[in-house]
Structures are given as structure tokens and as C-alpha cells.
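Derivation of every value follows stated rules applied to the coordinates shown; laboratory data play no part. None of these values were measured; they are calculated from a predicted model. Neighbour counts run over all protein chains shown; Cβ positions are idealised from the backbone, glycine included.
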Amino acid sequence: MILIGEIVSEEINLSSQSNGSQYLAFNLLTKENWYNRQTGTYTEHKETHRIVLRDNGAYKMASRYKNVLKTGEKLLVSGRLRYKSRTQEDGSVNRFVEIDCIGIEKLYSENAELKSQTRIEENKESSLANFRSEFNSLGIDFSAQR
């Protein structure tokens, strides 16, 4: 999963789990805008995503970024979607989703966000071209299908 957004967490602190491993968690706000032709208005949709960086193995992401990330910064985050649950003291189950971060890129300006988005689109097109060539080599033609 790849997200582009802004850090909205008030505090970004290094914490420890019960097994002793460390992690860094923060909230990333993403925005999506679109134009509704029927109403003639623009609509904005915002979502907050919990991002978790862990100190796993030799690559210690939490320790590396604990003093680098600040509220308000724009980031490109790549990671894995994880569904989690915790049982509360009263027996109820609290379910939530988090992004297990595997990569971060800081975006310093509006142009940087646009360049990152362009790079993502180019990667999608390249992957699609590779996919088509693989299937063409098997005798399957996707050129007429859409």
C-alpha cells in the first residue's frame, strides 16, 4: 500500500511492546478531491491512517525516524495493511487497521508530491506493460480488451 499524506499526530514517541521490541506510531491524513458534475461542487474526503514503524532485525526504522518525523510534514509511506484486535478488560473486542511501514519518503513541496505521484503512475504503467508482455508470451492477447 502506498499513501501520500500529512502527519497529524500531536506526539510521535518511541514506545515498547510487551515483548521488548520498539515501535513508533503516528497518524497520517490523506485527502481526496473530486468534482461532482451533477451538483457542480467539489467534494473532499479525508481519512486518517495509523502508521507503525518497527525496530525489526538490523533495519531499525523506529529508532531511525524517532527524531526526524514532525507533525505537519508531508510523506509518501509504503507498507503492509494489517488488521488487529485487542480484547478490553470488559471482554469487548476493539478492532483496528494499521499500516506496517516498510518505507518513507519526505515530500518537501507541492512539486515533490506531484513528482512522487507521477513516479507511482509510471511504475503502474511499467507493471502493466510487464504483465501484458508475460501473457502475450503465453499467447494471450490483452490489446483488444479493456
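What does the net charge come to around Glu47 if you take all other residues with beta carbon closer than 14 Å to its beta carbon, with K and R at +1 and D and E at -1? After counting each charged neighbour, the total is -1. Between Glu98 and Glu6, the modelled label-to-label distance comes to 2.5 nm, taking each label 7 Å out from Cα in the direction of the beta carbon. Share of pairwise Cα-Cα distances greater than 25 Å in segment 2-107 is 31 percent (whole percent).
Is there a quick way to get the dipole size of segment 1-111? I mean about its Cα centre, with the Cβ of Lys and Arg at +1 and of Asp and Glu at -1; what is the value in debye to the nearest 20? List each step's numbers first, then the result.
Numbers: 16 positive and 14 negative charges, 61 e Å.
Once rounded to the nearest 20, the dipole reads 300 debye.
The listed peptides 82-94, 63-75, 21-33, ordered by packing as a protection proxy, come out as 21-33, 63-75, 82-94 (highest mean of other Cβ atoms within 10 Å first). Can you list the residues of segment 13-29 with backbone N under 17 Å from a point 7 Å past the Cα of Arg82, pointing along Cα to Cβ? Residues 13-28 fall inside that zone.
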